[in-house]
């Protein structure tokens, strides 16, 4: 249970974040994602403070020796609040960005979803980016790079914890989009720099209460940075990361518009078993929701099962949530992020993210 003083502290930080998101849009001089970006590793695994918004996104499906199954998410966010051109006084209390993170574990057998959020200015080093091997951390949640494309993740909250080692079998990440950018809307800079490590071998432990489970499985890692990539007419997105049993992966997203349509910049990337990637255009795929679930907390109504067809690549898939209630009902906005399984002419596991069904997406819309 969260005691009152901690709740008050979090509420104060949350109000500060919302205020700074508004203030930072005024007279800002942020970089925008433009074609021609050349990715360099390992440096691009680190932060890009010239851009306003950035996240490191880890999602995975894990199995214990006795057969228990878990999904997990650990995400670190950097939200800029003072653009690089602005001169700031020297003080540990004055920060150029706000750090926050989300941690969730899906206990599939029990259909229990545990989710947590942390928010910090990082004034006393309790949160930050790029310190030695640590890419991002907030208190006792951390992401450390241990090899060129290898990581160590740790998070613990209220009896739920993960301690995981991630090893990428590939020599290079998958780059999404074209010419270094993943375009999200019409206009210069309405894009992100976006890459993934799509099949990271994962081992370690998941703890639920007093029980520690040694686990193995696969993780998908997304890293994305941008500045106000969504346009005013866009209301949210549906994003899939799917790992097929026979090898190969699929990233697919559709951006929904406020009039109920699908934006022309919806797209994806298909990775074959050898690691070769092909861009999926809007005209290449069909995406149809077939089952819905309504959250008792946020009142958002989410599609928790989908049909995906990509005829030119012979894909006819059904993607279903392992269980429906995997919503991160947190302020300043709620979204659904959970483990799914894949049926049809390919089998597999993956993750699904859905935003904009329970209110506006703070920090991502055009200003």
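Which order do 333, 240 fall in if you start with the one that has the fewest other Cβ atoms within 10 Å?
If I rank by nearby Cβ atoms, fewest first, I get 333, 240.
Kindly identify the chain as rounded, prolate or oblate by the Cα gyration tensor criterion: order the square roots of the eigenvalues as a ≥ b ≥ c, call it rounded if a/c is under 1.5, otherwise compare a/b with b/c, prolate if a/b is larger, else oblate. The shape class here is rounded. Computed packing ranks the peptides 146-157, 50-61 as 50-61, 146-157, most packed first, by mean other Cβ atoms within 10 Å. The value of relative contact order for the chain, using C-alpha pairs under 8 Å at least six residues apart, is 14 percent. Adding -39500 (n - 2.57) for every DSSP H run of four residues or longer, then dividing by how many residues the chain holds, sets the calculated 222 nm ellipticity at -2000 deg cm²/dmol.
Under the classification rounded if a/c is under 1.5, otherwise prolate if a/b is larger than b/c and oblate if not, where does segment 155-222 fall, given a ≥ b ≥ c as square roots of the Cα gyration tensor eigenvalues? Oblate.
Using a cutoff of 8 angstrom between alpha carbon atoms and counting only pairs six or more residues apart, the relative contact order for segment 74-204 works out to 14 percent. Relative contact order of segment 179-251: 30 percent, from C-alpha pairs under 8 Å at least 6 residues apart in sequence. Ordering 294, 38, 257 by the number of other Cβ atoms within 10 Å of each residue's own Cβ, fewest first, gives 38, 294, 257.
Bear in mind that the values in this text are calculations on the coordinates, not laboratory data. From a predicted model like this one, the values you see are computed outputs, not experimental measurements. Note that we place each Cβ from the backbone using ideal geometry, even for glycine, and neighbour counts take in every protein chain shown.
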